[in-house]
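Presented below is the structure to which this report refers.
Quick note: the coordinates plus some simple rules give every number you see, no bench work behind them. In this text the structure is predicted, and so the values were computed from the model without any measurement. FYI the Cβ positions are ideal-geometry reconstructions off the backbone, even for glycines, and counts take in every protein chain you see.
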Amino acid sequence: MADVWRHAWLLARKDLLVEFRSRTAILSALVFTVLVLMVFNFGRDPTAVAAVDLAPSILWVTFTFAAMLALNRAFQLELENQALDGLLLAPVSRSSIYLGKLMANLVFVATVEAVGLPLFALFFNVPILHVLGPLLGVIALATVGFVAVGTLFSAMTARTRFAELLLPVLLLPFMIPPLIWAVLATGALLAGRPLSEAAGWLRLLAAFDIVFVTLAFVLFPATVNE
Amino acid sequence: MRLLKTGRWITGVGLALLAAVYVRALAFTPVERFQGPAQKIFYIHVPAAWSAMLAMGLVGIAGILFLLLKDPRFDRFGEASAEVGTAFSMVMLTTGPIWAKPIWGTWWTWDARLTLTLFLFLLFLGYLLLRGAVTDPGLRARYSAVLGICGLVLLPFIHLSVYFFRTLHPQPIVLKPSAPSLPGPMLVTLLFSFLVFTVLYVGFVTQRYALSLLREQAEPHA
Amino acid sequence: MLLAEGLRHAFGGVRALDDVSFTLHPGQTLAVFGPNGAGKTTLLKVLAGLIRPGGGRARLEGGRRAVGWIGHQPQLYAHLTVRENLRFWASLYDVPDAQRARREADLLARLDLNDHADRPVRALSRGLVQRVAIARALIHDPRVLLLDEPFTGLDRTAAEEFRRLLAEQAAGGRVTVLVTHNVEEGTELATDVAFMRTGRFVQLAPRAGRTAAEIADAYRLAVTGG
């Protein structure tokens, strides 16, 4: 079991090293985040719509797009020189490959979120420090949810034509439930509602995560073994 | 071939029974007090949504069985069920708004049944698109099984999020599809309709499965 | 030691492997000659454990850890340097650092890659990439070598050096299966020769001192005549 994690970590580190070298995906994600935040800010009429009403939706649109960018390149990397075959030949379990990808994707998305969240608070003048703890909890849980499913699906779509179109279509129904709960919880937290209200949605997010991370972990070998 | 004929026969029976449901719902079932005759669409829409959900559930179960037993029949069944589910969902999604507009004044409401069906439609669409994008039959079957299983597991979570949709968006008219509290004749009509839709599902899937089998036999090498 | 027993496999309706059996002991090098589509690559993949055969079984002493693979694709990460690639792949095979450093230095020197060791793989020419692929395959000291057209892209000197490397490996007790459609390249190293056509071994015999020309004749006879 320790081996599984060790190998996963080696794989994740490799992914992050490659991403750090090429930098294209992370930069696009960061640029898009800033762009969306700016457009939403200029686009709204401050007298008509309070920032707090729109805030959760805007935040989650940016995070979702960052996740999609990460997921799209996740397995493309392995197909370039058939490195995936190399991974399958090596004495590492298939689960390590999934875990490694998952961890690397999470770091990628977390990086974008770490930049997006402060910018969001800044541009929209939304105080978040008083609920920072629970807010980070919501963000973490929701992100794990759709990145877990997305990592599994990207292993399948990477080998098809129109991979970049197919992945969002497949992922959409799986992203909506955690997004709904995340937007509701974020809204409740930012509006200063008692923590107990958000707790219900946090529980749902946690349940979704546990179920789907396990499921993806179990199903991943079926996508790469012949 | 025999399977196809059986399928056609079952579907024929189903369609005849469907006509009977219409007749019963319109002529022999009492009109609901608060909502008037418009409520009667409920006898069609609820079982249709249920059939689409059944279709998705069976796609998932077929996926599990395929991964465990490697029998291509399960993959064929999954494909058939997904296509039938897509058809049911599309019918629901088109008749729903067409009915809703004159009654409620809007094309779309976040009504629980419609939303659920939309989710199911998206799942089915993804499933069929994935199948279309993979040429190797072995790989296609495995990928479909994985996606189908994920769809099956998603179903309870869809219910949990749709509930929140409804509390957020108050309905122009609150439709209550809760079966137990229905009086006798309405319950009978509803249950009858459930039965009919299940028969239709079986009929359509049987035919589709048979066609799939025939196609495979006609092309010896895919 | 490498054992293949009654291997059978089909893709769709095409018979890729049809009752292939052989046993190889340490020091043996089997050269498999055959036209394209004969099932050579499938055979290697089954031996490596990448594909589970429809029938029969293949057994490799030492499991995946003992396999070194060179195929059509280099299985390298384009954005990482040569050294980083070697380091990564060695880590997946749990090669201790000191040992890896030694082998790395040795392989880089012998394959004349020292000048390019710190360049990213995508900056290298096809011939250089092939050499790096060879280094990658050997870095973890594999006991079994599975080679699929490994001389592709190598110039004269590099091919010579590679042949010398392979000879050393065989002398050191390694088992090698070399698959190619070019009789000249494989003959010198082989201890045993097989001709493959539509999934079957139409001939399997020790090389018994035959020259490349003699084997080429026998090949033509077996594959086109029979």
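Per-structure values
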| quantity | calculated |
| --- | --- |
| Peptide B:138-147 - average C-beta neighbours from other chains (10 Å radius) | 5 |
| Net lengthening on full extension, C:Ala216/C:Glu61 (0.36 nm per residue, minus Cα-Cα) | 52.6 nm |
| Over segment C:43-165, relative contact order from alpha-carbon pairs under 8 Å, at least 6 apart, % | 38 percent |
| Cα Rg over Rh - chain B, Kirkwood | 1.01 |
| The protein assembly as shown - Rg over Rh from alpha carbon coordinates, Kirkwood radius | 1.06 |
| Least to most buried among A:Val112, B:Val202 (fewest other Cβ within 10 Å first) | B:Val202, A:Val112 |
| Gain on full stretching of the segment that runs from B:Ala218 to B:Ile98 - 0.36 nm per residue minus C-alpha separation | 39.1 nm |
| Counted charge near B:Ala16, where neighbours are those whose Cβ lies closer than 15 Å (Asp, Glu -1; Lys, Arg +1) | +2 |
| FRET efficiency, 1/(1 + (r/R0)^6) with R0 45 Å, evaluated for A:Val218 and A:Val52 via beta carbons | 0.65 |
| Over chain C, relative contact order from alpha-carbon pairs under 8 Å, at least 6 apart, % | 30 percent |
| Evaluated over segment C:112-226, the Cα radius of gyration and Dmax, each in Å | 15.9, 51 |
| Average beta carbon contacts from partner chains per residue of A:157-170, 10 Å cutoff | 4 |
| Bridge type composition, the protein assembly as shown - antiparallel percent by DSSP, nearest 5 | 55 percent |
| Chain B: angle of helix B:184-218 to the longest principal axis, Cα-based, in degrees nearest 10 | 20 degrees |
| Other-chain or far-sequence residues with amide H under 5 Å of C:Ala16's (modelled H) | C:His9, C:Ala10, C:Phe11 |
| Degrees between helix B:2-23 axis and first principal axis of chain B (Cα, 0 to 90, nearest 10) | 10 degrees |
| Within segment C:162-191, backbone nitrogen closer than 15 Å to the virtual label 7 Å beyond the Cα of C:Ala208 toward Cβ | C:191 |
